[in-house]
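Here is the structure we will look at.
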Amino acid sequence: ENVQWKVTQCKAEYILCTKCPAGWEQFAKTCYFFSSTTKTWTAAKDFCANYDAHLAVVNSEQENKFLANHIMDNWVFWLGLTDMHREGSWQWVDSRSLSLSFWNAGEPNNVGQHGEDCATIYASGRWNDAICSNTERWICERSC
Ligand SMILES: [Ca+2]
Ligand SMILES: [Ca+2]
Ligand SMILES: [Ca+2]
């Protein structure tokens, strides 16, 4: 009886997630795109919007681990997190304010003349604020 329920649920999730576009990865009920090219943060944000998606918003430690597991050493990806509207006030692209965070030690440090206002994630799962006009890989996310 319990097994039957699980089979039914797996089928339901499988059906839901066949809507992930080709080349996107699935975690929970969400599809993710890990780019192989690089763009500025704003261009990456626009790219995701064209796919009915948004730059990745980290909602849980599990999701952060999932993202980190898809990042090769020395690779860096943009997240959908910025303080470009008000320095030090970090906001997700879906308008949530930052509650759960995984900043690397000493980050965010906003270094340089123009500061650093866009967040990246490393293979370690730790985050860094970087210059938004840098070009980096990026991660889009959308519901299945
Ligand atoms: Ca998310
Ligand atoms: Ca900043
Ligand atoms: Ca930094």
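Please treat every number below as a calculation from the coordinates, not as lab data. Treat the numbers as computed from the prediction; the structure is a model and nothing was measured. Cβ placement follows ideal geometry from the backbone for every residue including glycine, while neighbour counts extend to all protein chains displayed.
In table form, for the structure just shown:
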{"item": "Under DSSP loop assignment and at most 10 Cβ neighbours within 10 Å, longest trypsin sites (Lys or Arg not before Pro)-free interval of the chain", "result": "87-144"}
{"item": "Euclidean distance between Cα centres, the stretch 22-42 to the stretch 86-144, Å", "result": "16 Å"}
{"item": "Residues in the stretch 116-144 that a label on residue 96 would reach, taking backbone N under 14 Å of a point 7 Å out along Cα→Cβ", "result": "141-143"}
{"item": "Pairwise FRET efficiency - residue 50 versus residue 29, Cβ, R0 = 22 Å, nearest 0.05", "result": "0.55"}
{"item": "Under the Karplus curve 6.51 cos²θ - 1.76 cosθ + 1.60, θ = phi - 60°, whole-Hz ³J(HN,Hα) for the stretch 55-60, x wherever Gly or Pro sits", "result": "4, 4, 10, 8, 9, 7"}
{"item": "Gain upon complete extension [residue 19, residue 75; 0.36 nm per residue less C-alpha separation]", "result": "17.4 nm"}
{"item": "Cα-based Rg of the chain normalised by 2.2 N^0.38 Å, two decimals", "result": "1.12"}
{"item": "Cβ charges +1 (Lys, Arg) and -1 (Asp, Glu), total dipole of the stretch 2-143, debye", "result": "580 debye"}
{"item": "Inter-site label distance for residue 103 and residue 42 at 7 Å from Cα along Cβ, in nm", "result": "2.5 nm"}
{"item": "Computed E for residue 62/residue 111 - FRET, C-beta separation, R0 30 angstrom, nearest 0.05", "result": "0.45"}
{"item": "Top positive-direction residue, dipole computed over the chain with Cβ charges, set 60, 26, 76", "result": "26"}
{"item": "q = 0.13, 0.16, 0.27 Å⁻¹: log10 I(q)/I(0) that the Debye formula gives for the stretch 32-117, counting C-alpha atoms only", "result": "-0.45, -0.70, -1.67"}
